[in-house]
Amino acid sequence: MIDLFRSLKVQLVLLVVAALTVAQLVSLWLFADERSLAVRAALGFEAAGRAANVARLIEEAPDDLHQSILRAANSPLVRFELSSTPGVQHTDHSDGGQVESRIRALLDDNFSRDIRVELHEVQGQILPLPHLSPEMAEMHKAMMRGELSAIEMNLSIAVEGSQWLNVGTRFERPPIQWPFYSMLTFALSAAALLIAVFWFLATRLIAPLRRLVRAADRLGRGEDVGVLPVTGPTEVRDLTQTFNRMQDRLTRFVADRTRVLAALGHDLRSPLTAMRVRAEMVDDDETRVSLITSVEEMQSMVEATLTFARGLTGSEEPEPVNFANFLDGLKSDMMQTFEVEGDPDYQARVRPNALRRALRNLIENALRYGGSAHVHHAIRGSEVVVTIDDDGPGIPAADLERVFDPFFRLEQSRSLETGGHGLGLSIARTIVRAHGGDVILTNRETGGVRATLTIPLANETQKKREPK
């Protein structure tokens, strides 16, 4: 599951969805705030208009009609009363200034009378609203979804006769709503963007990158990789072109080194043959035998060098093999006594002949210098791990890496029977590294040497063993 979220495709999709969600939430918040302000302004102006009309009627009607006018003007949400004292002691000059201007405009007043406005939010529980019947209060509460906050506005308008018209009203801030069409727009926008992102990722970005990953893996195994097509965005195109150039340089470098080794070995054959002929003509038997032995040893080294050079060419095509069967076949071919154990059923993509040669060198090395060979193979992660243990005296720690150098021999005698040419481990490591793996040597705590060989699994086997 964690690997899924590391995918570039999943991360970009989540980023797009998260950005759209945040944008939609901000849009809804701004919409709700603007809607709330608009509703409050409309209700405030409506209350101001009613107050101005009632004030005009009070001034124009006889005194005995004043109470009738007030009773007619009263409603569950707006209350009117006449008093000798103002209900508002000071004026709110924020939002209240707009309400005051509205009243003066309706009364055709040019600041000749005192008009006071007070606005404040109602604190605490405000449901049910005052002046509402129980049935209306419940209906109002259900309509507002139980989420109600209110603004209370009090007006005091000076009218003729040294009286004050005191007005009290309350209007609610509407709850945040989620319009259906807004959500539909969000869903359609998200779907369109995700389709565009998937198309772009699948065709322009992910596909070239995956092709590049597969090519790099094959190149690391020493397989032949053709020139990759240059497609996708500029950055991906530049990366692909760089890979193509790197592949060409590596191929030319390996080919040049191989040709040098092959040419050197080939050119040495002629003078060595001539030396062998002249050595046969020496009269002294002891000198003749010594010279012939030296020439034969040099010829053997030349042949080993040519063999080593041929092992670098990687001309054999890789193929998937059942590794347990592969090792059993190697044991039968070698006709030597050593133990093989490990997992029974998995595949690795290898060059069979080259890997057989590498394993043969390692096993023969264990049998020759350690007296025995115990081969174990298993899967560790995405690799095949083969260990070859012997029961010999071990290798000095300083020489554990040097033994892989060409022509390096721990055995100091000149005898090919005991020391060989010093190319066996070099060839084995070269072949295994051409497969994308490696070979290392370590001394066992119980005595002897352990050669650990690692090779990447075949792609099919690796996919089957990856956690879901």
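Within the range 376-390, identify whether any single residue is assigned by TED's automatic domain parsing to the domain that holds Thr446 and over 42 Å from the mean Cα position of the chain (by Cα), and answer yes or no.
Among the residues of the range 376-390, at least one is assigned by TED's automatic domain parsing to the domain that holds Thr446 and over 42 Å from the mean Cα position of the chain (by Cα), which makes the answer yes.
Given the structure, is Ile379 buried (at least 19 other Cβ atoms within 10 Å of the Cβ) and at pLDDT 85 or above? Please lay out each step first, then the result.
On the way: buried (at least 19 other Cβ atoms within 10 Å of the Cβ): no; at pLDDT 85 or above: yes.
For Ile379, the condition - buried (at least 19 other Cβ atoms within 10 Å of the Cβ) and at pLDDT 85 or above - is not met.
For the subset of the range 182-223 comprising residues that are within 30 Å of Ala354 (Cα to Cα) and of a type in the set (A, V, I, L, M), which member is modelled with the lowest pLDDT? Result: Leu219.
Look at the range 239-259: where a residue is in the same structural domain as Val225 (by TED's automatic domain parsing) and over 30 Å from Arg204 (Cβ atoms) and a partner is surrounded by 15 or more Cβ atoms within 10 Å (Cβ to Cβ) and among the hydrophobic types (A, V, I, L, M, F, W, C), sitting 6+ places away or on another chain with Cβ atoms under 6 Å, you get Thr258/Ala309; Thr258/Leu312.
For the range 49-62, does any single residue satisfy the condition of being outside any strand (DSSP E or B), modelled with pLDDT of 75 or more and among the acidic types (Asp, Glu)? Reasoning before the result, please.
So the first thing to find is which residues in the range 49-62 are outside any strand (DSSP E or B), and the list is 49-62.
Next, only the ones that are modelled with pLDDT of 75 or more stay: 49-62.
If we keep only those that are among the acidic types (Asp, Glu) as well, we get 59-60.
Yes.
Could you list, in sequence order, the residues of the range 42-56 that are buried (at least 18 other Cβ atoms within 10 Å of the Cβ), hydrophobic (A, V, I, L, M, F, W, C) and in contact with a helix residue (DSSP H, G or I) (Cβ under 7 Å, 6 or more places away or on another chain)? Answer for the range 42-56, where residues must be buried (at least 18 other Cβ atoms within 10 Å of the Cβ), hydrophobic (A, V, I, L, M, F, W, C) and in contact with a helix residue (DSSP H, G or I) (Cβ under 7 Å, 6 or more places away or on another chain): Ala48, Ala51, Ala52, Val54.
Just to check your reading of the model, which residue among Ser415, Ser426 is at pLDDT below 90, over 40 Å from the mean Cα position of the chain (by Cα) and either assigned by TED's automatic domain parsing to the domain that holds Arg360 or within 18 Å of Arg357 (Cα to Cα) (or both)? If you could, list the steps in order and put the result at the bottom.
Numbers: Ser426 fails: over 40 Å from the mean Cα position of the chain (by Cα).
Sole residue among the options that is at pLDDT below 90, over 40 Å from the mean Cα position of the chain (by Cα) and either assigned by TED's automatic domain parsing to the domain that holds Arg360 or within 18 Å of Arg357 (Cα to Cα) (or both): Ser415.
For the range 212-242, which residues satisfy the criterion of being in a helix (DSSP H, G or I) and in contact with a Leu (Cβ under 6 Å, 6 or more places away or on another chain)? Within the range 212-242, Ala215, Thr240 meet the criteria.
Before we move on, is Met275 in contact with a helix residue (DSSP H, G or I) (Cβ under 6 Å, 6 or more places away or on another chain), surrounded by 11 or more Cβ atoms within 10 Å (Cβ to Cβ) and assigned by TED's automatic domain parsing to the domain that holds Ala216? Give the steps one after another, and end with the answer.
Numbers: in contact with a helix residue (DSSP H, G or I) (Cβ under 6 Å, 6 or more places away or on another chain): yes; surrounded by 11 or more Cβ atoms within 10 Å (Cβ to Cβ): yes; assigned by TED's automatic domain parsing to the domain that holds Ala216: yes.
Yes.
The values are calculated or read from the model by the stated rules, or taken from the named source; none is laboratory data. Remember, predicted model here, so these are calculated numbers, not experimental data. In this analysis, Cβ positions are derived from the backbone assuming ideal geometry, glycine residues included, and neighbour counts consider all displayed protein chains.
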